[in-house]
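Trainee: After the structure tokens below, expect a handful of questions from me.
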Amino acid sequence: MMFKIFKPIQYMAIRYKAPINLSTLWNFGVYSLICLLIQIVSGIILAMHYTPHINLAFLSIEHIMRDVHYGWLIRYIHANGASMFFIVVYAHTFRGLFYASCTKPRTLLWTVGVTILFLMIITAFVGYVLPWGQMSFWGATVITNLFSAVPLIGKEIVITLWGGYAIANATLTRFFSLHYLFPIIIAALTSLHLHLLHLTGSSNPMGTNINFSKIFFTPYYLIKDLYGIILFLIFFSIFVFFFLII
């Protein structure tokens, strides 16, 4: 029974065959997975200390920064990790467009990937509101009011998002719930994305439907990905420790 559980992992990470001519541009999918794991782990830790209330949200952020052991580091990793996540996903997306990886037989794979991107945008927006500072409040005001332009049901959508007739505590609570829920959905869609990738096979720089010699993912591409991950984490760490994009 135990060996049956590890069979999918063995197929996806060890026995999976990929085209022999994949370039470094194909590494960005792995970087995206690393960013997702970093965001989920750091987000869970932050949620343990965050209070989704308009009178306490900002104070809880200060508590995380000043009182929680290495709380400042977890927050900076989470905040900068969102930017890193979008950088690698955009690169992953543009590579797919440039090399026509979005065409048949990978149309469903591409659709799932684009869905993940849109969910990431929504998750980043609701997360931006959580510190409940001036920028958070007015960002929520501007973005949610855009839905009022929807014919007939626009106002009802805005009221539903707000949880009332003005942005208040119900709005913050809903945004916190969504910020916690969407990463779970993204993780599930990422698993589906990987499953579809292994069903259709990876594309290659010479064309999506050309049959090339294939090699096992391990050890060839595993070593290549590990090398890229180390370089990416160094790049990530430079921003976390020296630039502090928040």
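The values are calculated or read from the model by the stated rules, or taken from the named source; none is laboratory data. Computed from a predicted model, the values in this text were never measured in an experiment. Don't worry about glycine lacking a Cβ; one is built from the backbone with ideal geometry, like all the others, and counts go over all protein chains shown.
Trainee: Is it the case that segment 30-40 has a residue that's outside any helix (DSSP H, G or I), surrounded by fewer than 18 Cβ atoms within 10 Å (Cβ to Cβ) and of a type in the set (A, V, I, L, M)?
Mentor: no
Trainee: Would it be correct to say that PHE176 is crowded, with 17+ Cβ neighbours inside 10 Å, under 23 Å from ARG15 (Cα atoms) and touching a residue at least 40 places away in the same chain (Cβ under 8 Å)?
Mentor: So PHE176 fails the test.
Trainee: Same structure again: Are any residues in segment 47-81 of a type in the set (Lys, Arg) and within 25 Å of ARG174 (Cβ to Cβ), and if so, which ones?
Mentor: Selection gives ARG75 alone.
Trainee: Of the residues that sit in segment 5-38 and are over 24 Å from the mean Cα position of the chain (by Cα) and of a type in the set (Val, Ile, Thr), which one is modelled with the lowest pLDDT?
Mentor: Among those residues, the one meeting the criterion is ILE5.
Trainee: Quick one: count up the residues across segment 72-94 that are among the small types (Gly, Ala, Ser) and more than 15 Å from LEU130 (Cβ to Cβ).
Mentor: Count: 2.
Trainee: Further, regarding this structure: May I ask you to say which residue of TRP138, TRP110, TRP132 is more than 30 Å from PHE242 (Cβ to Cβ) and aromatic (Phe, Trp, Tyr)?
Mentor: Answer to the selection: TRP110.
Trainee: Under the condition of being of a type in the set (A, V, I, L, M, F, W, C) and touching a His at 6+ places or on another chain (Cβ under 8 Å), which residue from segment 95-132 is surrounded by the fewest Cβ atoms within 10 Å (Cβ to Cβ)?
Mentor: By that ranking, first place goes to VAL112.
Trainee: Also, quick follow-up: Which residues, taken from segment 150-173, are under 14 Å from SER136 (Cβ atoms) and either in contact with a Phe, Trp or Tyr (Cβ under 9 Å, 6 or more places away or on another chain) or of a type in the set (D, E, K, R) (or both)?
Mentor: ILE167, ALA168, THR171, LEU172
Trainee: Can you find even one residue in segment 162-169 that is under 30 Å from LEU33 (Cα atoms) and either touching a Ser or Thr at 6+ places or on another chain (Cβ under 7 Å) or in a helix (DSSP H, G or I) (or both)?
Mentor: no
Trainee: Shifting gears a bit: Here is a check on your reading of the model: is LEU59 surrounded by fewer than 16 Cβ atoms within 10 Å (Cβ to Cβ), part of a helix (DSSP H, G or I) and free of Cβ contacts under 8 Å to residues at least 40 places away in the same chain?
Mentor: Considered against the rule, which asks whether it is surrounded by fewer than 16 Cβ atoms within 10 Å (Cβ to Cβ), part of a helix (DSSP H, G or I) and free of Cβ contacts under 8 Å to residues at least 40 places away in the same chain, LEU59 comes out as yes.
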